[in-house]
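Below: the structure, in structure tokens.
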Amino acid sequence: MKKISALIAVILAILILPAQIQAQYETVAEKLPHQQKKITVATQPFYFFVNAVRLDVEKRIKDTPTWMQLGVSGHFLADKNNRENWVIFPGDELCYLRGVGMELSCKYFFNKQESLYFSGGGSYAHHNIKYFDSYWHSYTIDNLEYHTRERGKIGQKINKLGINAYFGYQIPKPTFLFDMFVGLGYRYSIRSNDKAKLFNDTTISLGYTGVVFITGVRFGVKL
């Protein structure tokens, strides 16, 4: 009788054990709440310090830890017509600024919790700038050329191309998004007026060309 009872116990264990293992596997494989989200919407507050706003929208690629991110930014500075300039954060003096930028990146989370990631992509920005400054005005009278020093509004348009690569950490919360990142990039600026200011004194200047250090934070929601 003891042998029969032991045999029954072994058979029951054989039948029950796979079900328990399968249940444990499903529990482990079940995604965390934040990993079930498909879209995020966020802003980068550091843009406020450079006279701009930015909105980022991300979408998960199918059921993978890879996301595509589209960031759109805008620069705006009211037109100042009293022959004076605003002084913006990089130190440049402007009386007018309109600009738009776009960045497309691919983000990949490389840990199971989906908190650490690497992101890389490209960017484009266009800036229409006007500022008050002194310049040489040339004119001709009776076949004689004259040059006078005048002060007025000067225009400069800048198209800026860029590439970016950075690492980041995103807090694994189901609804609120907090993201911080750091990395490097490169910017190449093309100007319309070679006689106007270059606006490239610092790495955050509107017309800078060269290697840039990238850092920032993002606040938003997950949907």
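The values are calculated or read from the model by the stated rules, or taken from the named source; none is laboratory data. Keep in mind that what you see is a predicted model, and the values were worked out from it rather than measured. Please note: Cβ atoms are built from the backbone with ideal geometry, for glycine as well, and neighbour counts cover all protein chains shown. Just the protein is used for accessible areas: all its heavy atoms, side chains included, with ligands, DNA and RNA removed. Shrake-Rupley method; radii C 1.70, N 1.55, O 1.52, S 1.80 Å.
Could you list, in sequence order, all residues of the stretch 47-60 that are open to solvent by 70 Å² or more (accessible area, probe 1.4 Å) and either of a type in the set (Asp, Glu) or farther than 18 Å from residue 98 by Cα (or both)? Matches in the stretch 47-60: 59 only. Can you pull out every residue in the stretch 61-112 that is assigned to a loop (DSSP other than H, G, I, E, B), loosely packed, with under 15 Cβ neighbours inside 10 Å and in contact with a Leu (Cβ under 7 Å, 6 or more places away or on another chain)? If the condition is that a residue be assigned to a loop (DSSP other than H, G, I, E, B), loosely packed, with under 15 Cβ neighbours inside 10 Å and in contact with a Leu (Cβ under 7 Å, 6 or more places away or on another chain), then 110 is the only one that fits.
If you go through the stretch 132-157 and keep only what is charged (D, E, K, R), over 21 Å from residue 85 (Cα atoms) and in a strand (DSSP E or B), you end up with just 145. Looking at this structure, is residue 31 modelled with pLDDT under 90, within 29 Å of residue 108 (Cβ to Cβ), assigned to a loop (DSSP other than H, G, I, E, B) and open to solvent by less than 90 Å² (accessible area, probe 1.4 Å)? When the stated conditions are applied, residue 31 passes them.
For residue 189, the stated conditions do not hold, so it cannot be described as in contact with an Asp or Glu (Cβ under 7 Å, 6 or more places away or on another chain), within 23 Å of residue 129 (Cβ to Cβ) and of a type in the set (S, T, N, Q). Residues considered: 175, 140. Of these, the only one that is among the hydroxyl-bearing types (Ser, Thr, Tyr) and touching a Pro at 6+ places or on another chain (Cβ under 9 Å) is 175. Of all residues in the stretch 128-179, those being more than 30 Å from residue 203 (Cβ to Cβ), in contact (Cβ under 8 Å) with a residue 40 or more places away in the chain and open to solvent by 40 Å² or more (accessible area, probe 1.4 Å) number 4.
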